[in-house]
């Protein structure tokens, strides 16, 4: 979907919250299939509504949402209802407690973008800004994300 702002056309992708991959990504001829590589992250859980700054924009959190910090210090938010399907606690941490977690090898679809674009997250408020060269990632759970090329290269394995 596209819209116009200040005379320039920007691409806007809206998270649907519906399970499955979006038609916008899954039918695009340049899309790739990829799998998340195992990697450790640090996780905190939001105790109240708040915001988290990311390189792509400000993300609103709800109580219980996971605030994840990667190996390079990059941060992102995962809604509480999606977190358990994406990460497992590293013992002695128990799932649901803050601490070290490892990512699960989930499959995603990704599209390398050739122009600036935006993602509206499922909360209907948080808006991420992507640049040409960034990846639009469809997680298959109704949510989108934006991943820079260096992080994509170390976080995902292209499988098709």
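Readers should treat all values here as calculations from the given coordinates under stated rules, not as data from a laboratory. Predicted model only: the values in this text are computed from it and were never measured.
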Query - Choice from 41, 90, 147 showing the highest fluctuation, given a GNM over the chain with Cα pairs closer than 10 Å - result: 90
Requested in this report: Could you grab the relative contact order for the chain? Cα pairs under 8 Å, six or more apart, rounded to a whole percent.
Outcome: 30
Query raised in the report: Semi-axes of segment 5-75's equivalent ellipsoid from the Cα gyration tensor, sqrt of 5 times each eigenvalue, largest first, rounded to whole Å?
Result: 26, 19, 14
Query - For segment 39-103, convex hull of alpha carbons as volume per residue, Å³ - result: 74
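Averaging over every viewing direction, what projected area does the convex hull of the Cα atoms of the chain cover, in nm²?
It is 9.1 nm².
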**Report entry** Residue with peak Gaussian network fluctuation, the chain [Cα springs, cutoff 10 Å], from 79, 91, 112
**Finding:** 91
**Report entry** Among 49, 122, 66: highest mean-square fluctuation, GNM of the chain, C-alpha pairs under 10 Å
**Finding:** 49
